[in-house]
Amino acid sequence: MDSKERQLAIAPISTESLTQNTKAVYYIRSVSSTIFGVAAGILGLESYIGFLFYFAGTTYISLLMFLVLAKGKPSEYFTSSSYVWTGNAFTGLTSFVLTWTMFYGLVDA
Amino acid sequence: MAAAPDLVLDSSLRDWVLFPILLVMILVGILRHYVTQLLQTTPKQLDLLTIREQQALSRGASLRGNGKFIPQSSFLSRKLYLTQAFKDGIFLKDQEAFKNKDEPKQPANPLAEPGGMDQMANMLKGNMVMIVPQTLLMSWINFFFSGFILMKLPFPLTIRFKSILQSGVMTRDLDVRWVSSISWYFLCLFGLRSVYDIILGSNNSASGGMDMGGMNMAAGGIPGMQPGQDVYKLHLSEAENIELTSHEYLLEDIEDRLLIKYDMY
């Protein structure tokens, strides 16, 4: 057993907590992307600008998660510290398109 | 909007097509969630010897995984006992068949095992719950709401999508951004997942079948136990694994570490 493996055995990673954190990120992503879709639809954004809006919003949410939820230290909550930025970044895209289309149509009509 | 003239959509299209489809899709998702929950069968009660046969394997695995928390002597005695017991087959369900092993044993049929049958029925049910509402909804929308433009997409698409998204609309030159109700159905199908997450909480089964991993985990009992497999071989390989496990007592210098941690050294 080298020292890193030994350290991991003394302070093991709790899989329950890891699952809980991952689930929290997923939930935040899907809810926020729905709200971004509503916003984009009401603003009447079209084509590239709408998708750029989604990515800007997702990055902003990632920043909030990084600063507020993970307190600047995401490696304490996830096995890979980039999970806060990239994890589940695309799961909300379909929901975003749905609400975007719907509110775009509602405002337009 | 350079190519096509602007269209003005009647607001009753919105009231009587857009909202009903959305509402029905959401309700069907919720219904699917509860039907899936109702259809989940509780695992069948196994008799004592079968459970012992299965649990012996996890006993070996937990010794391998957690052996570092017990002293060397305790680990060794457990190791000796378990390897010997696995080799003698004393955890096996069918002792008679193990003793006269010489007779040719016909391979067990996976369908004959009760566990395998359950698993298959569960998978079938899951597929049915997913496919039947989708077929019904699609034909419902095709029957009632085809042949007119429902909405305008906020992003442009290539001309290839025209035949799918504008099915039933007999115009050649209309911009692909104007789509009929079937594409609204597809948008709902893929996009409602987060709505279900908000309504039913995460880990729901409303969106149906896209995450099959969880279902399979629930159906199969112990991972690595396929029905119709020779259990004695599994036990033998577990014995070998235990023999290969090296032991290091993790609490060896625990006093020193504790004092260092709380800065009392």
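Being over 33 Å from the mean Cα position of the chain (by Cα), farther than 30 Å from B:Leu250 by Cβ and not polar (S, T, N, Q): is that true of B:Leu13 here?
Against the criterion (over 33 Å from the mean Cα position of the chain (by Cα), farther than 30 Å from B:Leu250 by Cβ and not polar (S, T, N, Q)), B:Leu13 qualifies.
Out of A:Arg29, A:Arg6, which single residue is of a type outside the set (Gly, Ala, Ser), more than 13 Å from the chain's Cα centre (by Cα) and assigned to a helix (DSSP H, G or I)?
Among A:Arg29, A:Arg6, only A:Arg6 is of a type outside the set (Gly, Ala, Ser), more than 13 Å from the chain's Cα centre (by Cα) and assigned to a helix (DSSP H, G or I).
Quickly run through segment B:147-172 and pick out the residues that are touching a strand residue (DSSP E or B) at 6+ places or on another chain (Cβ under 8 Å) and among the β-branched types (Val, Ile, Thr).
Selection gives B:Ile149, B:Val169.
Just give me the residues in segment B:169-185 being free of Cβ contacts under 8 Å to residues at least 24 places away in the same chain, open to solvent by 60 Å² or more (accessible area, probe 1.4 Å) and under 29 Å from A:Gly50 (Cα atoms), in sequence order.
B:Thr171, B:Arg172
To keep it simple, each residue is scored yes or no on (1) open to solvent by less than 70 Å² (accessible area, probe 1.4 Å); (2) within 27 Å of the chain's Cα centre (by Cα).
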| site | (1), (2) |
| --- | --- |
| B:His33 | yes, yes |
| B:Leu38 | no, yes |
| B:Leu49 | no, no |
| B:Glu53 | yes, yes |
| B:Ala56 | yes, yes |
| B:Phe69 | no, no |
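Quick one: in segment B:138-168, of everything that is at pLDDT 80 or above and part of a helix (DSSP H, G or I), which residue is least open to solvent (accessible area, probe 1.4 Å)?
Only one residue tops the list, namely B:Ile141.
Tell me the residue from B:Ile90, B:Ile51 that is aliphatic (A, V, I, L, M) and not in a helix (DSSP H, G or I), please.
Only one candidate qualifies: B:Ile90.
Taking the condition away from chain B (no Cβ under 11 Å) and of a type in the set (Ser, Thr, Tyr), does A:Thr59 pass?
yes
Among the residues of segment A:77-84, is any in contact (Cβ under 8 Å) with a residue 24 or more places away in the chain, assigned to a helix (DSSP H, G or I) and either within 14 Å of chain B (Cβ to nearest Cβ) or surrounded by fewer than 18 Cβ atoms within 10 Å (Cβ to Cβ) (or both)?
Checked against the condition, which is being in contact (Cβ under 8 Å) with a residue 24 or more places away in the chain, assigned to a helix (DSSP H, G or I) and either within 14 Å of chain B (Cβ to nearest Cβ) or surrounded by fewer than 18 Cβ atoms within 10 Å (Cβ to Cβ) (or both), segment A:77-84 yields no hits at all.
Checking the conditions here, which among A:Phe90, A:Phe96, A:Phe53, A:Phe36 is farther than 30 Å from B:Glu255 by Cα, assigned to a helix (DSSP H, G or I) and without any contact (Cβ under 8 Å) to a residue 40 or more places away in the chain?
Exactly one of A:Phe90, A:Phe96, A:Phe53, A:Phe36 is farther than 30 Å from B:Glu255 by Cα, assigned to a helix (DSSP H, G or I) and without any contact (Cβ under 8 Å) to a residue 40 or more places away in the chain, namely A:Phe53.
Any idea which of (1) surrounded by 13 or more Cβ atoms within 10 Å (Cβ to Cβ); (2) modelled with pLDDT of 80 or more is the one B:Gly126 doesn't satisfy?
(2)
If a residue has to be modelled with pLDDT of 65 or more and part of a helix (DSSP H, G or I) to count, how many in segment B:174-224 make the cut?
19
Could you list all residues from segment A:17-31 that are closer than 9 Å to B:Ser194 by Cβ and buried (at least 19 other Cβ atoms within 10 Å of the Cβ)?
Of everything in segment A:17-31, those that are closer than 9 Å to B:Ser194 by Cβ and buried (at least 19 other Cβ atoms within 10 Å of the Cβ) turn out to be A:Arg29, A:Ser30.
Give the residues of segment A:56-76 that are open to solvent by 90 Å² or more (accessible area, probe 1.4 Å), without any contact (Cβ under 8 Å) to a residue 12 or more places away in the chain and aliphatic (A, V, I, L, M), sorted by residue number.
Once the filter is applied, which keeps residues that are open to solvent by 90 Å² or more (accessible area, probe 1.4 Å), without any contact (Cβ under 8 Å) to a residue 12 or more places away in the chain and aliphatic (A, V, I, L, M), segment A:56-76 yields A:Leu67, A:Val68.
The values are calculated or read from the model by the stated rules, or taken from the named source; none is laboratory data. Everything numeric here is computed off the predicted structure, so don't read it as measured data. Glycine also receives a Cβ, built like all others from the backbone with ideal geometry; neighbour counts cover every protein chain displayed. For accessibility, only protein heavy atoms count, side chains too; no ligands or nucleic acids. Shrake-Rupley method; radii C 1.70, N 1.55, O 1.52, S 1.80 Å.
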